[in-house]
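The values are calculated or read from the model by the stated rules, or taken from the named source; none is laboratory data. Only a predicted model underlies this, so the values are computations on that prediction, with no experimental measurement involved. So basically every Cβ, Gly included, is an ideal-geometry build from the backbone, and we count neighbours across all protein chains shown. Only protein heavy atoms, including side chains, enter the accessible area calculation; ligands, DNA and RNA are left aside. Shrake-Rupley method; radii C 1.70, N 1.55, O 1.52, S 1.80 Å.
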Amino acid sequence: MSITDLKLGEKAYIDSISGDSKLMKRLMALGCTEGTEVCLKNCAPFGDPLVINLRGCDFCIRKKDAKNISIKDNL
Amino acid sequence: MKTAALIGNPNVGKTSLFNSLTGSNQYVGNWAGVTVEKKEGFMNEDLKIVDLPGIYAMDTFSSEEKVAKEFLASGEADFIINIVDASNLERNLYLTTQIKEYNTPILLVLNMMDVAAAKGLEIDTELLSRKLGVTVVTISASKGKGLDELKSLLDRGDFLRVPIENDFQFQDEREAYDYISGILSAAVKKKDEHKRTNTEKIDKVALNKFLAYPLFFLILWLIFELTFSWVGQPLAGYLSYLVDDVLVPALGSLLSSSSPWFSSLIIDGIIGGVGSVIVFLPVIMTLFLGISFLEDCGYMARAAFIMDKAMRKMGLSGKAFIPMIVGFGCSVPGIMTARTLESEKDRKLTALLVPLMSCNARLPVYALFASVFFPGRESAVVFSLYLLGILLAFLLGMLFKRTIFKKDEEPFIIELPEYKAPELKNLMNHTWDKGKDFLKKAGTLIFSVSVVVWLLSNFNFGGMTDINNSILASLGGFVSPVFAPLGFASWQNAVSLITGLMAKEVVLGTMGVIYGGSLAAALQSQFTPASAYSFLVFVLLYTPCVSVIATMKKEFGSWLAAFSVTYQLVLAWIVSALVYRIALLVM
């Protein structure tokens, strides 16, 4: 399951991230590590990009990149 | 003299703090080899502060991080001022753990204490200081609180010596964050439950499915109105009046006894050339002010967010939309704004495409030609030109992306910061600095080009003469066959286009002088509808004015400026020729 499977406003715990190495590095530096709580807050008018909340901050990320953030379970 | 490195995440008020500490004792330049702004300032004669770019970490990949890393590694800094957002300590402290590795004393400044308080957070700074091994100071830069204490602390310079332990050599991000969470769970207490913040309320509208785009375009329209109707243009008009109706006559009488070539050099050459550029400085600055306002209040990130999907088709990200839109007003602030993009490549690519957004200065040329050759259909003609520019930007964007800017896209992760009221003082300073910078750097190039154009148009090898017999005219004649496939080959047209390098409106000015009499009548005898349209396409696409070239050079270096000039000339020629062929078939 990835973040993109959540409904708006739903939270989950991060399982792992994959994909582009630069993206991964940046995500991890922002605190997107295993076990961290993440929330899918919003999405742009055409469904892409998305807004996720990570450790208290909102970030926008493209759907294709968000697909690489896999989550453990819904809260 | 001690040197301090000022470092912190983006959006934490670092610029505001830097301005408070250094006032007007600041110098802005570029870090060597990258399109990253370097700011240095002096708090007093004993303390130099170097403002490092806002970054989240030291080890991912951007030019900004490289710059910060190299600076800290160089040992030039005697200590580090690490500014963090007190209401968001967790992520902010990640950078702190990374800079600890440089074994330089750190002064941790907790900014935005007011926001933290509003969120119901209570921070035990003593505990934080002990656990992290740094000196902790709290401020609210935007409210002016705590700044005096900070300044006296900086003066005294007694910070904790950094213990050289292995506390901060973490295996990976997860370990670092676990460590940070550990400290924060002890040092930070949250009182209130999560309340809906102002930011969330505003975003309900700003990011709403139906309201987002209309709101965005409304805001853009407001900025353009501010620039062209309310402030910028009127100021420009006033400056123009000052130059043409006050300065020039005054100089005229002052110089009446000197030789004609000298007074002509001063009045027609220097004042004329430089004046035509300086006069639109208010326009440039107003546009820039509007954009800075959007940036500082936090809306810019939302704009990038909603435009991202569309911009990706052009090979760019949502952040590039604003520079392009600004380019419709004037390419100069458009290119300056391209600095806000995430990666070097994006900045350069955007800067190359911005001039294709038909700027305001070309409008008079379109308007005149359209009214003469396409009466009744002026709007359609002008609109088609704008569209052509946009279409070509898309095509070239895709082309450049596959060729010269080939490497990986920078990942698109943009923070959506909390909305906040921009500090007017900072805004004004920033805009004024950019304006001053433009005058200084662009000024020399503009000055030289003005003198050269004046020389070429007023002299030939026999001495001073009028434009029809000048070197420029011969140059025009020499160059004009190039325009034969485009339909408008004549030395007069070539000369007008060359002088258009000063500012696009000058094309009309020169034509007026060369053709004399009624310009409209002259045009009718010199052009056909087909060649008129191809001429307009050429004006749309060819090398923009000297101010743009100067800005390109200043922001991105001579190579990119030269490339920009060249590719646009080539593009203009090819497309114009094509358009002429098609027009001949159709009209």
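Nearest 10 degrees is fine. How inclined is helix B:63-73 to the longest principal axis of chain B, computing both from alpha carbons? Roughly 50 degrees, rounded to the nearest 10. Contact with the other protein chains removes 50 Å² or more of accessible area, compared with the isolated chain and a 1.4 Å probe, from these residues of the range B:400-429: B:PRO411, B:PHE412, B:ILE413, B:LEU416. Put simply, chains A and B cover up around 3400 Å² of each other's accessible surface, both sides summed, when a 1.4 Å probe is used. Measuring nothing but protein heavy atoms, the accessible surface of chain B at 1.4 Å probe radius is 62 percent carbon and sulfur.
Determine the gain in length on full extension of the stretch B:LYS209-B:ALA250; use 0.36 nm per residue of separation and subtract their C-alpha separation, reporting nm with one decimal. List each step's numbers first, then the result.
Details: separation 41, 0.36 × 41 = 14.76 nm, distance 5.85 nm.
My answer for the length gained is 8.9 nm.
Solvent-accessible surface (1.4 Å probe) assigned to A:VAL51 amounts to roughly 0 Å². Helix B:344-353 and the longest principal axis of the Cα set of chain B meet at an angle near 20°.
At 1.4 Å probe size, put B:VAL67, B:VAL188 in order of accessible surface, largest to smallest.
Listed by decreasing accessible area, they come as B:VAL188, B:VAL67.
Within 10 Å of the Cβ of each residue in A:47-55, the mean number of Cβ atoms contributed by other protein chains is 4.
How large is the dipole of chain B about the Cα centre if only Lys and Arg carry +1 and Asp and Glu carry -1, each at its Cβ, rounded to the nearest 20 debye?
Magnitude of the dipole: close to 1360 debye.
Annotation: B:LEU235 carries an accessible surface of approximately 90 Å², with a 1.4 Å probe and no ligand, DNA or RNA atoms counted.
Placing pseudo-labels 7 Å out from each Cα toward the beta carbon at B:PHE383 and B:ILE219 gives an inter-label distance of 2.7 nm.
Remark: the protein assembly as shown carries 43 Å² of accessible area per residue (probe radius 1.4 Å; ligands, DNA and RNA excluded). With distances taken between every two different alpha-carbon atoms, chain A has a Kirkwood hydrodynamic radius of 11.9 Å. Label-to-label distance for B:TRP261 and B:ASP155 is 6.1 nm, based on points extended 7 Å past Cα in the beta-carbon direction. Compared with its chain on its own, the range B:52-70 contains the following residues whose accessible area drops by 50 Å² or more in the full protein assembly (probe 1.4 Å; ligands, DNA and RNA excluded): B:TYR56, B:PHE61.
Taking every DSSP helix (H) stretch of at least 4 residues in the protein assembly as shown, weighting each as -39,500 (n - 2.57) and dividing the sum by the residue count yields a mean residue ellipticity at 222 nm of -16000 deg cm²/dmol. Measuring r between the beta carbons of B:ASP178 and A:MET1 and using R0 = 25 Å, the FRET efficiency lands at 0.60. For the protein assembly as shown, the alpha-carbon coordinates run over 84, 57, 39 Å along the three principal axes, in decreasing order. According to the Cα-based calculation, Rg over Rh for chain B is 1.04, with Rh computed by the Kirkwood formula. Remark: relative contact order (chain B) = 10 percent; criterion is Cα-Cα distance under 8 angstrom and separation of 6 or more residues.
Computed from Cα atoms, the angle from the helix B:363-373 axis to the main principal axis of chain B rounds to 30 degrees.
Remark: mean inter-chain Cβ contacts per residue of B:205-215 equal 2, using a 10 Å Cβ-Cβ cutoff to other protein chain atoms. Candidates A:ILE52, B:PHE374, B:MET43 compared by Cα position along the dipole of the protein assembly as shown: farthest toward the positive end lies B:PHE374, with charges placed on Cβ. Along chain B, the exposed loop sites are trypsin sites (Lys or Arg not before Pro) outside DSSP states H, G, I, E and B with at most 14 other Cβ atoms within 10 Å, and the longest stretch free of them is B:408-587. Along chain B, the exposed loop sites are GluC sites (Glu not before Pro) outside DSSP states H, G, I, E and B with at most 14 other Cβ atoms within 10 Å, and the longest stretch free of them is B:194-587. Amide hydrogen proximity for B:PHE459: with H placed 1.01 Å from N in the peptide plane, the residues at 5 or more positions away or on another chain lying under 5 Å are B:THR465, B:ILE471, B:LEU472.
How big is the antiparallel share of DSSP beta bridges in chain B, given as a percent to the nearest 5? Don't skip to the end; give the middle numbers.
Numbers: 16 of 36 bridges.
Just about 45 percent of them are antiparallel.
Reducing the range B:508-523 and the range B:435-484 to their Cα centroids gives an inter-centroid distance of 18 Å.
Can you compute the FRET efficiency between B:SER229 and B:SER558 using 1/(1 + (r/R0)^6), with r the Cβ-Cβ distance and R0 = 51 Å? Round to the nearest 0.05.
Values: r = 36 Å, r/R0 = 0.71.
Result of the calculation: an efficiency of 0.90.
Ignoring ligands, DNA and RNA, what percent of the accessible area of chain A is carbon or sulfur (1.4 Å)? Please list the in-between numbers first.
Numbers: 1460 of 2980 Å².
C and S atoms contribute 49 percent here.
Over the range B:160-315, Cα pairs under 8 Å with separation of 6+ residues give a relative contact order of 26 percent.
Taking Cα pairs under 8 Å and at least six residues apart, what relative contact order does the range B:15-165 come out at, in percent?
17 percent
Quick check on my link table: of B:LYS131/B:LYS191; B:LYS2/B:LYS145; A:LYS67/B:LYS39; B:LYS66/B:LYS319, which ones sit more than 31 Å apart, alpha carbon to alpha carbon? A:LYS67/B:LYS39, as the Cα separations exceed 31 Å there. Normalised by 2.2 N^0.38 Å, with N the number of residues, the alpha-carbon radius of gyration of the range B:1-99 equals 1.01.
Across all Cα pairs in the range B:189-272, the calculated P(r) in 10 Å bins from zero up to the longest distance comes to 15, 21, 16, 14, 12, 11, 8, 3, 0 percent per bin. Within 10 Å of the Cβ of each residue in A:15-27, the mean number of Cβ atoms contributed by other protein chains is 4. Of all stretches in chain B that contain no chymotrypsin sites (Phe, Trp or Tyr not before Pro) in a DSSP loop with at most 15 other Cβ atoms within 10 Å, the longest one is B:211-460.
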